[in-house]
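Novice: Just dropping this structure here.
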Amino acid sequence: MDQEITSTIRVYIGAEKAHYGGHLVAGATMMALFGDVATEIAIKTDGDEGLLAGYSNVEFLAPVYAGDFIEATGRVVRIGNTSRTIEFEARKVITARRDVNDSAADELAQPIVVCRATGTTVVKREFSRKSQA
């Protein structure tokens, strides 16, 4: 690859995402964010949304709570004929502070890595509109 191909999104994790006691958010929420990042990457590389075929090496490293802001990033590490291997990382950049009050939050001086994964997205050859040469 001549130049790095990346995508980054930042999202607020609303109360509707709380799945467990204490406003804890399910890890599947990070996987959905990674799916959105992979979609943008497929559009950048192929002009098509493609299909996220699977994840490997998924690591949940820190809890995510309703009220947190998460920044999810993907970086293409390998380009195959129809596949793109992407390394994902999700970082908490703002944390909810329910210990202060229900609406308190702090921007973190150092983001906390909450999840890492590797995934493969595939775009059918006939749907790819951009050359990978």
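The values are calculated or read from the model by the stated rules, or taken from the named source; none is laboratory data. In this text, all values refer to a predicted model and were calculated from it rather than measured experimentally. As a convention, Cβ positions derive from the backbone with ideal geometry for all residues, glycine included, and neighbour counts pool all protein chains shown.
Novice: I'd like the full set of residues that are exposed (fewer than 15 other Cβ atoms within 10 Å of the Cβ) and of a type in the set (S, T, N, Q), limited to the stretch 7-57.
Specialist: T8, S56, N57
Novice: What is the residue count in the stretch 104-133 for residues that are without any contact (Cβ under 8 Å) to a residue 12 or more places away in the chain, of a type outside the set (A, V, I, L, M, F, W, C) and farther than 28 Å from S56 by Cβ?
Specialist: Result for the stretch 104-133: 0.
Novice: Are there any pairs, at least 6 apart or on different chains, whose C-beta atoms fall under 8 Å, with the first in the stretch 67-92 and more than 21 Å from F127 (Cα to Cα) and free of Cβ contacts under 8 Å to residues at least 40 places away in the same chain and the second of a type in the set (K, R) and part of a strand (DSSP E or B), and if so, which?
Specialist: E87/R75; E87/R116; E89/R116
Novice: Also, I was wondering about something else. Mind listing just one residue for me: the one in the stretch 37-61 that is of a type in the set (D, E, K, R) and touching a strand residue (DSSP E or B) at 6+ places or on another chain (Cβ under 6 Å) and, of those, farthest from S83 (Cα to Cα)?
Specialist: E59
Novice: Any chance you could count how many residues in the stretch 83-95 are surrounded by fewer than 21 Cβ atoms within 10 Å (Cβ to Cβ) and in contact with a Phe, Trp or Tyr (Cβ under 9 Å, 6 or more places away or on another chain)?
Specialist: 3
Novice: In the stretch 30-133, which strands (runs of 3 or more DSSP E) lie fully inside it and hold 3 or more residues that are modelled with pLDDT of 95 or more, closer than 14 Å to V11 by Cα and among the charged types (D, E, K, R)?
Specialist: 83-96
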